[in-house]
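**Q** Before I ask anything, here is the structure I am working with.
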Amino acid sequence: MNPALRARNHPGYWAFLVHRVSGILLALYLPAHFWVLGLALHQVARLDAFLRWTDQPLVRAGEWGLVLLLAAHFTGGLRLLALEFLAWREWHKALAAVAAGVSLALALAFALAL
Amino acid sequence: MSTLKLRVWRGGPQGGAFQSFEVPRQASQSVLDVVTYVQRSIDPTLAYRFACRVGMCGSCAMTVNGVARWTCRTHVDRVCADGRLELAPLANLPVIRDLVTDMREFFDKWARARGRFEGRRTRRDDFERVAPDSEPRRQVDAAIECIGCGVCYSSCDVVAWNPDYLGPAALNRAWTLLRDVRDGARLERLRAVAGDAGCHSCHTHLSCSERCPKHISPTAGIAGLKRAAAAAALKGEL
Amino acid sequence: MSTRREALLWAAQRASAALLALCVVVHLATMIYAAHSGLGAAQILERTRGNVAWLGFYCVFLLAVVVHVPIGLRAVLSEWLGWRGAARDWLLAAFAAGLAWLGARAILGVFL
């Protein structure tokens, strides 16, 4: 294994990395998301064209990715709130796994509807 | 007899490189045994630290196969399945020579976090009574056994990313003092540990808790400091 | 760097996170429901236009986002790009303002 990874290959670290990377990606996505929705104000035709574009399978897959990012950041955030505000317990390591599981479940729920 | 393929970082503040050695493999061999063998039988110029060699002092901490550990309490069998061992000085600290790091900034940060007890009573007062099963005392008990070995500091990425960050050990010690009902410097200590250089920069990687040889969780104490600092700030005390 | 400011930013980040947790549950549930029901854009807009309850909800959601995102990015900028100091904070304030403006337009477009 890559030496830099050896010391970092534990649940808490992966949870941090997923949380930070998902946060950055969501932060980059949000302005675009708001701008597109804002098209409904004055440029409905453009919005309609855009929404037709989102029917494409690749874009659908991207939407699923976004739901996964949001679910991952959300569950990871709940884990952090638990770690910072609740009394410290030994099951804190399990929280990372629970967060991962729930976020995947949420993303699947969305995906199965597609 | 089988041999161990050893690589040891040699060098100083200007830089260095790994040097290879072959060390006879023994049954029940610790990494400290290996380093000692090199220095006594192969290359007497190798610099490294140890003292008690029984897991009490923390002096022998170094990076073993990429992970910060106490070499006296690390069996070779546990860390090298394939007969290879790589030793380097502790990360996040300046190197003096070879495997020896300069621990001054580690302890300076301890002082900056106000990691010293400041009592309120004098010899003329009665003893302060601290119930051993009280919540504050139990929280102190969980964190008080730190011997300042530097493994957590060396394992923390925030220490690497933020040169001012006080680090898990210093913050953990501040936490034990914050929860010590006899201590009289609560607000001064909160001011010392809050902020960008302090507890608020901890991102709960949990590497410190994962690696601490005394099974302390500095993250738990740092979470407590965050809560205490926020409460004090909201009350206008900070 | 004021310790009081850092402590308050931390508190604001966690408070907005707690609020966002609730908002995100609602938002994800609605998105999953919309996907399941096969609702198209026109149908969604039919339901949202003039709906004061949803308008109020998304206003709260937006406020929490505008607090939470810049504070979160602040740590990333300082730790991964080495960017500290007043300039970083001014940029984040501008980003927050931009996000708030775009978000307000989105809410107006969808709910008014």
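The values are calculated or read from the model by the stated rules, or taken from the named source; none is laboratory data. These figures come from a predicted structure and were not determined experimentally. Please note: Cβ atoms are built from the backbone with ideal geometry, for glycine as well, and neighbour counts cover all protein chains shown.
**Q** Scanning for something within 12 Å of chain A (Cβ to nearest Cβ), without any contact (Cβ under 8 Å) to a residue 12 or more places away in the chain and within 18 Å of the chain's Cα centre (by Cα), does segment C:34-52 turn up at least one residue?
**A** Checking segment C:34-52: not a single residue is within 12 Å of chain A (Cβ to nearest Cβ), without any contact (Cβ under 8 Å) to a residue 12 or more places away in the chain and within 18 Å of the chain's Cα centre (by Cα).
**Q** Within the group A:L80, A:L66, A:L51, which residue is more than 9 Å from chain C (Cβ to nearest Cβ) and part of a helix (DSSP H, G or I)? Break it down into steps so the answer makes sense when it comes.
**A** Details: A:L80 fails: more than 9 Å from chain C (Cβ to nearest Cβ); A:L51 fails: more than 9 Å from chain C (Cβ to nearest Cβ).
Of A:L80, A:L66, A:L51, the one residue that is more than 9 Å from chain C (Cβ to nearest Cβ) and part of a helix (DSSP H, G or I) is A:L66.
**Q** Of everything in segment A:19-48 that's more than 7 Å from chain C (Cβ to nearest Cβ) and in contact (Cβ under 8 Å) with a residue 12 or more places away in the chain, which residue is farthest from A:E63 (Cα to Cα)?
**A** Here the residue is A:H19.
**Q** Identify the residue in segment A:1-16 that is surrounded by 14 or more Cβ atoms within 10 Å (Cβ to Cβ) and closer than 19 Å to C:W80 by Cβ and, among all such residues, is nearest to the other protein chains (Cβ to nearest Cβ).
**A** A:G12
**Q** Does any residue in segment B:9-23 that is surrounded by fewer than 13 Cβ atoms within 10 Å (Cβ to Cβ) come within less than 9 Å, Cβ to Cβ, of a residue that is outside any strand (DSSP E or B) six or more places away or on a different chain, and which pairs are these?
**A** Going by the 9 Å Cβ cut-off, the qualifying pairs are B:P13/B:P94; B:P13/B:D102; B:E22/B:I42.
**Q** Which residues, taken from segment B:108-153, are among the β-branched types (V, I, T) and not in a loop (DSSP other than H, G, I, E, B)?
**A** B:V140, B:V151
**Q** Tally time: how many residues in segment B:190-214 are more than 7 Å from chain A (Cβ to nearest Cβ) and not in a helix (DSSP H, G or I)?
**A** Matching residues across segment B:190-214 total 9.
**Q** Of the residues that make up segment B:95-111, is at least one within 30 Å of B:R7 (Cα to Cα), surrounded by fewer than 20 Cβ atoms within 10 Å (Cβ to Cβ), among the aromatic types (F, W, Y) and within 14 Å of another protein chain (Cβ to nearest Cβ)?
**A** no
**Q** Looking at (1) surrounded by 19 or more Cβ atoms within 10 Å (Cβ to Cβ); (2) in contact (Cβ under 8 Å) with a residue 40 or more places away in the chain; (3) under 26 Å from C:L108 (Cα atoms), which one does A:R60 not meet, given that it meets all the others?
**A** Unmet condition: (1).
**Q** Having 2 or more residues that are not β-branched (V, I, T) is the bar; report the strands (runs of 3 or more DSSP E) wholly within segment B:3-100 that clear it. If you could, list the steps in order and put the result at the bottom.
**A** Working: elements: B:3-12, B:15-24, B:61-64, B:67-70, B:84-88, B:95-97.
Fully inside segment B:3-100 and qualifying: B:3-12, B:15-24, B:61-64, B:67-70, B:84-88.
**Q** Test A:V44 against the criterion of being of a type in the set (A, V, I, L, M) and under 22 Å from C:V26 (Cα atoms), and give yes or no.
**A** no
**Q** Scan (1) surrounded by fewer than 19 Cβ atoms within 10 Å (Cβ to Cβ); (2) within 22 Å of the chain's Cα centre (by Cα); (3) modelled with pLDDT of 95 or more for the single condition B:R78 breaks and write down its number.
**A** In the conditions (1) surrounded by fewer than 19 Cβ atoms within 10 Å (Cβ to Cβ); (2) within 22 Å of the chain's Cα centre (by Cα); (3) modelled with pLDDT of 95 or more, B:R78 misses (3) alone.
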